Each structure stands twice: as structure tokens, then as C-alpha cells.
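Below is one structure, written out as C-alpha cells, with a few remarks after it.
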Amino acid sequence: MAVAIREQVLSAIMTALGTMTIPNVPGTVTVFRGRHKEVPDDDLPAVLLDASLAGSDQANAAMTRNLDRVVITGKVLAATDEALDQALVDFGAAIQRAMETDTTFGGVAVDSNLTDVDQSRPIEEGFGGLGEVTMTYLVEYWTRPGDPYTAAP
């Protein structure tokens, strides 16, 4: 069965995120794709992957240039503010390493670039809690015009 190039790219990103180890973040990271409800505390630390087609244009007769906006959110719990801040920094670094070790994801993409980073944590002072780091990437891949299942040269 044919698999769309976009799906191949997103699957490769899921694989890269699933192999992360994060210093100062205990536990195994659970990776979710397209999740639109809260992640239970028992599933933390977690990574949420959400993607949307950001653009597509036919560059020439042989190639359509596709851009996906890929939003990756790392969620983690910690007992203190200091531990939470350190965990979020390390979580962001692990996501960046996973996304930038091979920006072509085994050759299915042309390139991947970090475009935005955001970090949030609870407002209460001294209590730790749930924090998030969100990193947005623009991922480029090429397909044949009118054929999203065939990669272009």
C-alpha cells in the first residue's frame, strides 16, 4: 500500500522523538500524535506532536515544494520550581537534538528548521507542578506534482 510522503516524514519525526533520553527528567517519554485532550499525569513525561500543512507550491514541472508546520510540546511534572525549570530546559534540548541530528529524517524531507520556542509553567511560586516547552519547526519535503505519494528528486 502506498504511503504519502507527508506521512513518511511525520512517522520519521515520531521515531526520532521516541528515542529521546532527557537528563534530569526521570521516566520514559511517551509520544502522542494528534492528541487533543489532556495527558494524564501517569503518562508524563510526554511529547505531543501536531502538524499542519503550512504551504505547497509547484516549483517546476517535476516538483511540488511542501511545507509542514510541526509543533512539538514536551510536558513534565516536577516537585519544585527549580527542578521544573531545569527539566524544561533539558526537555527542549532533547527535542532539539532529536529534530536536528538528521534534518532530512533519513532522506524523506529536504530540511527542517526551528521557527519558534515557548515555555510555560505554573504561576504559584515554589511548588513546581506541570510545565511545557513548545518548539515549532518548518519541515520541507518535495513530491511530484499531483502525486503526494511519490517523492521528487
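The values are calculated or read from the model by the stated rules, or taken from the named source; none is laboratory data. These figures come from a predicted structure and were not determined experimentally. Here the Cβ positions follow ideal geometry from the backbone for every residue, glycine too, while neighbour counts run over all protein chains shown.
Put simply, of 44, 10, 53 the only residue that is buried (at least 18 other Cβ atoms within 10 Å of the Cβ), touching a Leu at 6+ places or on another chain (Cβ under 9 Å) and either in contact (Cβ under 8 Å) with a residue 24 or more places away in the chain or of a type in the set (D, E, K, R) (or both) is 10. Of all residues in the stretch 17-41, those satisfying the criterion of being exposed (fewer than 14 other Cβ atoms within 10 Å of the Cβ), touching a helix residue (DSSP H, G or I) at 6+ places or on another chain (Cβ under 8 Å) and of a type in the set (Val, Ile, Thr) are 19, 21.
Annotation: of all residues in the stretch 25-52 being farther than 18 Å from residue 99 by Cα and of a type in the set (A, V, I, L, M), the one that is modelled with the highest pLDDT is 44. From the list 90, 118, 68, 147, the lone residue that is under 22 Å from the mean Cα position of the chain (by Cα) and surrounded by fewer than 16 Cβ atoms within 10 Å (Cβ to Cβ) is 118. Residues that are within 11 Å of the chain's Cα centre (by Cα) and closer than 30 Å to residue 146 by Cβ: does the stretch 98-107 have at least one? Looking for residues that are within 11 Å of the chain's Cα centre (by Cα) and closer than 30 Å to residue 146 by Cβ, one finds at least one in the stretch 98-107, hence yes.
Restricted to strands (runs of 3 or more DSSP E) entirely inside the stretch 59-153, those with at least 1 residues that are of a type in the set (Lys, Arg) and touching a residue at least 60 places away in the same chain (Cβ under 8 Å) are 63-78, 129-144.
Tell me yes or no: at least one residue of the stretch 124-141 is at pLDDT 95 or above and surrounded by fewer than 18 Cβ atoms within 10 Å (Cβ to Cβ). Yes; the residues of the stretch 124-141 include at least one that is at pLDDT 95 or above and surrounded by fewer than 18 Cβ atoms within 10 Å (Cβ to Cβ). Within the stretch 1-36, the set of residues being among the charged types (D, E, K, R) and either part of a strand (DSSP E or B) or within 17 Å of residue 74 (Cβ to Cβ) (or both) comprises 33, 35.
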